[in-house]
């Protein structure tokens, strides 16, 4: 397909896509078109906002970052970075604060540990460790002095993001899927050439003040976003909710700079996305996969059980342990449990 055909196709998909600048003679070369389209379609960076206070998981998060809490044998932040890397992203940008140094240490190279494993001929463990931290992935950090929400976190990341599209991943939302959740959004973005919000149907008990109202379906699992509905009571159990995955373009920063309304701490991400709708289209992509909100204690426990039952080494003994606990809990009072 020629560059001109691709331009025509993407403009049909996204009427807000601007035509590349023409030269002084009023023509645009195929090379310029191809480069412009490649720049738009390529998403190389992912932003991970990890500067929150994590009060819902106290006392575990009093001194330890929520993102470093483990689900089976890996911290939450590692699942998020693995997801991005599996989707082809190679620059990971963390918006941290002074209490989150453990995240930086986790992704740093552990010379002493690797040397010890090598000297002890523990090649399998050394290979597993190196596999978990690919050498071609870059880790970048920026500090958020005062945490007021996702909007301020993204503004902190702007110098590192630059003038290109990027992924936004909330690491306290785990999504177990055959294809990486953020990768599903990237495929939608490549086709639609519009900012994409990963969504899933809202379930009873989901904690989310914002629900998305969608319009016509554009293609399979892809819907046009109409607006964001604020449910202050949190009682609505219908509609779509954001699933912690976004593909955003630099245009979002223009809206994040707006002054908040009276009584608001800041102009938040969803407020900025609502404002963006007045100027360009926004796509909601229904992510395929099982979602776990690990910002709550019950959600973290649910994720641990789910991933534990899928672990290649621990699945069978863990299943047996759960069976023993279940049997023990059903015994009449006064009968000793056989569970060790």
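Taken together, the values in this text are just the output of simple stated rules run on the coordinates, not laboratory data. On a predicted model such as this, the values are computed, not experimentally measured, just so you know. Glycine also receives a Cβ, built like all others from the backbone with ideal geometry; neighbour counts cover every protein chain displayed.
With a ≥ b ≥ c the root eigenvalues of the C-alpha gyration tensor of segment 100-171, is it rounded (a/c under 1.5), prolate (a/b larger than b/c) or oblate? Taking the square roots of the gyration eigenvalues as a ≥ b ≥ c, segment 100-171 is prolate.
Residues 187, 220, arranged from fewest to most other Cβ atoms within 10 angstrom of their Cβ, appear as 220, 187.
A Förster distance of 35 Å, applied to the separation of the beta-carbon atoms of residue 316 and residue 114, puts the FRET efficiency at 0.70. Report note on the peptides 294-303, 116-125, 59-68: ranked by the mean count of other C-beta atoms within 10 Å, highest first, their order is 294-303, 59-68, 116-125.
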